[in-house]
Ligand code: URA
Ligand code: SF4
């Protein structure tokens with residue numbers, strides 16, 4: 001059976017030049033282009049105070065994607081999402097139920113740190129949303145776990161409290177969205193960890209991982 005490459009070679013030999021111009025981009029290519037855009041983005045005021053943007057990281061073929069709020073101090077310094085205290089707790093709770101951090105993809109609504117970790121403004125969220133939407137469209141996870149109220153609102157339009165939304169299943173296009181408590185909330189309220197873990201188990205099942 002002829003491979004696609006053979007067929008393309010055949011056309012090339014016939015002198016059909018335009019075939020060469022067909023540009024098949026991998027997920028990595030698309031994300032790299034997006035990364036480069038974020039690296040120089042000045043669409044909102046946060047570009048003036050950030051050390052560096054935090055694009056997101058993980059498995060580009062992940063069936064499960066986490067979306068947090070915005071980088072904090074540690075993330076702003078390291079350029080990686082969820083690497084501070086809240087991030088370490090998240091990794092630990094994932095490991096506890098057999099999910100490897102390397103198997104999922106982790107991003108935030110805002111790519112740049114708000115000064116002193118203040119709440120994101122709706123203008124900033126709006127400006128940055130295009131990057132997150134492109135990440136989601138490229139990775140195409142089965143399930144998105146939103147961490148905290150900002151990412152939950154951004155992807156579900158639900159304005160209720162996390163207490164009432166957590167563990168429920170919403171949709172963003174054809175992707176399921178399940179809100180979770182934010183790990184920073186768990187640091188302040190350790191008695192909510194059990195609920196978080198049971199929501200995470202449900203997500204694991206929905207994502208078939
Ligand atoms: N909190 C978030 O929402 N995102 C991070 O990356 C770190 C802390
Ligand atoms: Fe650009 Fe988003 Fe950073 Fe604002 S937060 S400067 S929109 S990357």
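The values are calculated or read from the model by the stated rules, or taken from the named source; none is laboratory data. What you see is a predicted model, and the numbers here were worked out from it, not measured in a lab. Using ideal geometry, Cβ is built from the backbone for each residue, glycine included, and neighbour counts are taken over all protein chains shown.
Quick check: anything in region 85-97 within 16 Å of ligand 2 (Cβ to nearest atom), under 22 Å from residue 143 (Cα atoms) and under 16 Å from the mean Cα position of the chain (by Cα)?
no
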With a cut-off of at least 1 residues that are out of contact with any helix residue (DSSP H, G or I) (no Cβ under 7 Å at 6 or more places or on another chain) and under 23 Å from residue 78 (Cβ atoms), name the strands (runs of 3 or more DSSP E) lying wholly within region 90-209. 105-108
Consider only pairs whose beta carbons are under 6 Å apart and that are at least six residues apart or on different chains; among these, list those whose first residue lies in region 95-117 and is farther than 17 Å from residue 39 by Cα and away from ligand 1 (no atom under 15 Å from the Cβ) and whose second residue is at pLDDT 95 or above and in a helix (DSSP H, G or I). 97/200; 97/201
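If you scan region 30-61, which residues turn out to be touching a strand residue (DSSP E or B) at 6+ places or on another chain (Cβ under 8 Å) and within 16 Å of ligand 1 (Cβ to nearest atom)?
Just the residues of region 30-61 that are touching a strand residue (DSSP E or B) at 6+ places or on another chain (Cβ under 8 Å), to begin with: 54-60.
If the condition is that a residue be touching a strand residue (DSSP E or B) at 6+ places or on another chain (Cβ under 8 Å) and within 16 Å of ligand 1 (Cβ to nearest atom), then 54, 55, 56, 57, 58 are the ones that fit.
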